1. Residue 46 is checked against (1) open to solvent by 40 Å² or more (accessible area, probe 1.4 Å); (2) within 13 Å of the chain's Cα centre (by Cα) and fails just one. What number does that condition carry?
2. Restricting the first residue to region 85-101 and requiring it to be of a type in the set (Val, Ile, Thr), which pairs with a second residue that is crowded, with 24+ Cβ neighbours inside 10 Å meet a Cβ separation below 7 Å and a spacing of at least six or different chains?
3. Of everything in region 75-121 that's closer than 23 Å to residue 58 by Cα and in a loop (DSSP other than H, G, I, E, B), which residue is least open to solvent (accessible area, probe 1.4 Å)?
4. Looking at region 29-43, which of its residues are open to solvent by 30 Å² or more (accessible area, probe 1.4 Å) and either in contact (Cβ under 8 Å) with a residue 24 or more places away in the chain or part of a helix (DSSP H, G or I) (or both)?
5. Tell me, please, whether a residue that is modelled with pLDDT of 90 or more, out of contact with any strand residue (DSSP E or B) (no Cβ under 6 Å at 6 or more places or on another chain) and within 16 Å of residue 66 (Cβ to Cβ) can be found in region 6-17.
6. Restricting to region 49-62, count the residues that are assigned to a helix (DSSP H, G or I) and open to solvent by less than 50 Å² (accessible area, probe 1.4 Å).
Amino acid sequence: EAYSSDPVCREQDGDFLLSILEFINSCSAEQIRLAPEKFISVCKSFKDKVMQLQVPIQGIVPLRTAIRKLQASSEQLTTLHSDYLLLCLLAKCYKAGLSILDDDIFEVDQPRDLFLYCYYGLVPYDSCVYRLSLFSQ
């Protein structure tokens, strides 16, 4: 019986991820900004689930989309930035992390978000800059 319940759980996990993915892709940025805490909570649950399933690469594009929809401008640091960079690290997709690291950040709501952004952002940035320096020699 334990064997038969495992595929059901994985199927439910897949359905959950698909539902969140569809929600992130189809929701309106204006509506998100009316209730950002709820949207952030959903996105963090999504991040937690892809980490639990050990498929962080599946969370990269949806979280990048969520960040762009949540931001009022590209200069705003959101709580999701550090989650996105963490998934990039775990998936070893360092170049994907550069897509948000290249933005100039001037608006920070929570210092903790900035610290985690810098902490998780260092590896993707450092890795890509190091590789570029190798190619230019």
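1. Failing condition for residue 46: (1).
2. Going by the 7 Å Cβ cut-off, the qualifying pairs are 100/81; 100/84.
3. So in region 75-121, the residues closer than 23 Å to residue 58 by Cα come out as 77-103, 113, 116-121.
After this cut, where a residue has to be in a loop (DSSP other than H, G, I, E, B) as well, the list is 78-79, 92-93, 102-103.
Working: 78: 9, 79: 39, 92: 146, 93: 35, 102: 108, 103: 35 Å².
So the residue we want is 78.
4. Of all residues in region 29-43, those open to solvent by 30 Å² or more (accessible area, probe 1.4 Å) come to 30-31, 33-38, 40-42.
Those that are open to solvent by 30 Å² or more (accessible area, probe 1.4 Å) and either in contact (Cβ under 8 Å) with a residue 24 or more places away in the chain or part of a helix (DSSP H, G or I) (or both): 30, 31, 33, 34, 36, 37, 38, 40, 41, 42.
5. Taking every residue of region 6-17 in turn, at least one turns out to be modelled with pLDDT of 90 or more, out of contact with any strand residue (DSSP E or B) (no Cβ under 6 Å at 6 or more places or on another chain) and within 16 Å of residue 66 (Cβ to Cβ).
6. Here is the first cut: in region 49-62, the ones assigned to a helix (DSSP H, G or I) are 49-52, 57-62.
Those left that are additionally open to solvent by less than 50 Å² (accessible area, probe 1.4 Å): 49-50, 59-60, 62.
Final tally of qualifying residues: 5.
The values are calculated or read from the model by the stated rules, or taken from the named source; none is laboratory data. Note that the coordinates shown come from a computational prediction; the quantities given were computed from them, not determined experimentally. In this analysis, Cβ positions are derived from the backbone assuming ideal geometry, glycine residues included, and neighbour counts consider all displayed protein chains. Areas reflect the complete protein model, heavy atoms only, side chains present, ligands, DNA and RNA absent. Shrake-Rupley method; radii C 1.70, N 1.55, O 1.52, S 1.80 Å.
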